[in-house]
1. Search the stretch 211-254 for residues being assigned to a loop (DSSP other than H, G, I, E, B) and of a type outside the set (A, V, I, L, M), and hand back the single one that is nearest to the chain's Cα centre (by Cα).
2. What about residue 71, is it modelled with pLDDT under 75 and either of a type in the set (Phe, Trp, Tyr) or assigned to a helix (DSSP H, G or I) (or both)?
3. Find the residue count for the stretch 82-137, including only residues that are farther than 30 Å from residue 233 by Cβ, among the small types (Gly, Ala, Ser) and part of a loop (DSSP other than H, G, I, E, B).
4. Return yes when residue 52 is part of a helix (DSSP H, G or I) and under 24 Å from residue 303 (Cα atoms) and no when it is not.
5. Just one of (1) among the β-branched types (Val, Ile, Thr); (2) crowded, with 24+ Cβ neighbours inside 10 Å; (3) closer than 22 Å to residue 62 by Cβ trips up residue 150, so point out which.
6. With the requirement that a residue be under 27 Å from residue 374 (Cβ atoms), part of a helix (DSSP H, G or I) and more than 14 Å from the chain's Cα centre (by Cα), what does the stretch 312-350 give you?
7. For the stretch 348-361, which residues satisfy the criterion of being touching a residue at least 24 places away in the same chain (Cβ under 8 Å), under 21 Å from residue 333 (Cβ atoms) and not charged (D, E, K, R)?
8. List the number of the failed condition for residue 347; all other conditions in (1) of a type in the set (Val, Ile, Thr); (2) modelled with pLDDT of 85 or more; (3) surrounded by fewer than 20 Cβ atoms within 10 Å (Cβ to Cβ); (4) closer than 24 Å to residue 111 by Cβ hold.
Amino acid sequence: MARKQLSNSKRTTVEALVFLAVIAGVFIPLGYIMGSGNLLNTIMKTAHGLLLNTVFYLMGITVLTGALSKLMSEFGVVSLLEKVLRPLMKPLFNLPGVAALGALMTFLSDNPAIIAFAKDKKFSSYFKKYQLLSLTNFGTAFGMGFVVIITMIGFGHAGGALIGFAGAFCGSIISTRIMQRSCLKAYPELDSPVHDEPIEEIEAEDEQKPRESVFLRFLNAILDGGKNGVELGLAIIPGVLIITTLVILVTFGAGPGGYTGAANEGVPILPWLAGKIHWVFEWLFGFQDMRLIAFPMTALGAVGAALGLLPTFNAAGILDGNAIAVFTAIGMCWSGFLSTHTAMLDTLGFRKAISKALGAHTIAGLCAGIIAHFLYLLVSCIF
């Protein structure tokens, strides 16, 4: 026991020393180039600007989209769309038709919404085990899609946003199929129904319950949906403020007057690194400015934080229709999957598939961006 405690103590000490070394290795060079006072002021002013100009803007969108999504669910629009999309599920995704409902709800909310369906016995009875696990990839590819598309349209590139949606849809097929194939190859026993009992018909809502008036249903839907939007808006604050601030620090350079401690200044390390292989990003994504690579890198962990970069890109004059298309595709498809996939698969009780899910979704997000870029070029040539 004493030896084990000593070993844990040594491990903790090593971790602490490594952490301090990493922090020093990042911030000391930044402070040396920018000036320590300027660095601190830039960090605080950038975070403050993101809170006021980006987070509250995104929260406004999430409140409105939350209310709209609740209205669509309350008055049967979601059920109608699910019936329309159901015939596409088997040939495209190798999933039962009811999976369309999960895609719609994650599109209107966020990635983990699909798990609530997967844990429902009536819903999961339509699936085989490997199909149920692939819902982590399938649902994530649509996570926060409504918010992403509305935000992109707000920058005046509706066509690019719709092309990006098409790219994300292709990415979702790639991710889901790769996940299913890799799971079946590694674990053949997953090719069996989730439940032993026969598949039951999904029950209709209890018609015997007294229904409220249309006005009350409308009022409750917009209030409840708006409240959910506020919660989602609050949930993205840490990611936007912390991740986006750090990304800006290593993406943008000094202002016209040099380093003054103003917001959105930094040392352009990320563009410098991307510039070493700039031809890859130019050919695959059509990026002419390597600062744009910050969006997909941020979207890996939090798409809300990645959206926080858009006003800065727009102010710098580097945001165009192609970038919007690629950002929409990658932002929707990845939608911060590195921060949610592990928890989602853990909830399903199959941690050993985490690496397969992450690998499949990484490939799919890149493919989504590439498809969106070439689709944008094709549409631009036609029109």
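The values are calculated or read from the model by the stated rules, or taken from the named source; none is laboratory data. Quick caveat: nothing in here was measured; it's all calculated off a predicted structure. Cβ sites come from the backbone with ideal geometry, for glycine too, and all protein chains shown count toward neighbours.
1. Narrowing the stretch 211-254 to residues assigned to a loop (DSSP other than H, G, I, E, B): 211-213, 236, 250-254.
Those still in the list that are of a type outside the set (A, V, I, L, M) too: 211-213, 251-253.
Numbers: 211: 36, 212: 36, 213: 37, 251: 21, 252: 23, 253: 27 Å.
Looking at the filtered set, the residue picked out is 251.
2. So residue 71 does not fit the description; no.
3. 2
4. Here the answer is yes, as residue 52 does meet what is asked.
5. (2)
6. 312, 313, 314, 321, 322, 323, 324, 325
7. 348, 353, 357, 359, 360, 361
8. (2)
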